[in-house]
Amino acid sequence: LEFFTAGEGTHYINGVPYHVQPGYVYLLIPGDFHRMQLNPRYEYNMWNLKLAVEVPSKELSEELHRLPRPLCACLDAQTAAFFENELRFLDTCLQGSWNNLMAKNSADRLLTVAHFAFANNTPPSSVFANDPIYQVIQYVEKNYPQEIPLSQVAAFLHLSENYAGVYFKNATGLHFSEYLNRT
């Protein structure tokens, strides 16, 4: 379970991009593949919580597995504030002499709030679906073992090579060649 309190970028879960911003929360379960492309112009801060299989109650775990994947959402400001406070409390439980039951209850509260957000929020990816950069990124994700010249991207975007490079850099924060190498 990860929760962003600062920063911006793109998170790919199972090949689909999602916009990362403060309040973005996601939960990976076995079988999910993911990677981050955070905008280097912004500092980011996130909480990363690794849960043992026995931490969530059986009922909550079953409810989470019933939801369509990927499990991600952008929390509203009030819910995000609660979520961060609960993470701080859990951190205090784990760092201090608090008992494990309090830590487990805190983790259950976090997962319950996340479950509600995952079940009731529109996935944050909808802004990317029709974006030509999203289509270029999808193409790169599928074909990166092959050579992909910028001229091919430019033709796809119906732009000159120079402008395609500028367009890609403005949209992703990376030069196309750097993005391709990282991929």
*Give the range 102-123 a look and list any residue that's hydroxyl-bearing (Ser, Thr, Tyr) and open to solvent by less than 10 Å² (accessible area, probe 1.4 Å), or say none.*
Ser106
*Residue in the range 143-175 that is nearest to Tyr42 (Cα to Cα), counting only those that are surrounded by fewer than 16 Cβ atoms within 10 Å (Cβ to Cβ) and hydroxyl-bearing (Ser, Thr, Tyr)*: Tyr163
*Flag for Leu75 being buried (at least 17 other Cβ atoms within 10 Å of the Cβ) and out of contact with any Ser or Thr (no Cβ under 9 Å at 6 or more places or on another chain)*: yes
*Identify, from the list Leu28, Leu67, the residue that is in contact with a Phe, Trp or Tyr (Cβ under 6 Å, 6 or more places away or on another chain) and open to solvent by less than 90 Å² (accessible area, probe 1.4 Å).*
Leu67
_Within the range 136-181, considering residues that are under 20 Å from Leu38 (Cα atoms), at pLDDT 75 or above and of a type in the set (S, T, N, Q), the one farthest from the chain's Cα centre (by Cα)_ = Ser177
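The values are calculated or read from the model by the stated rules, or taken from the named source; none is laboratory data. Please read all numbers here as calculations on a predicted model, not as lab measurements. Every residue, glycine among them, receives a Cβ derived from its backbone with ideal geometry; neighbour counts consider all protein chains shown. Note: areas computed on protein heavy atoms with side chains; ligands, DNA, RNA excluded. Shrake-Rupley method; radii C 1.70, N 1.55, O 1.52, S 1.80 Å.
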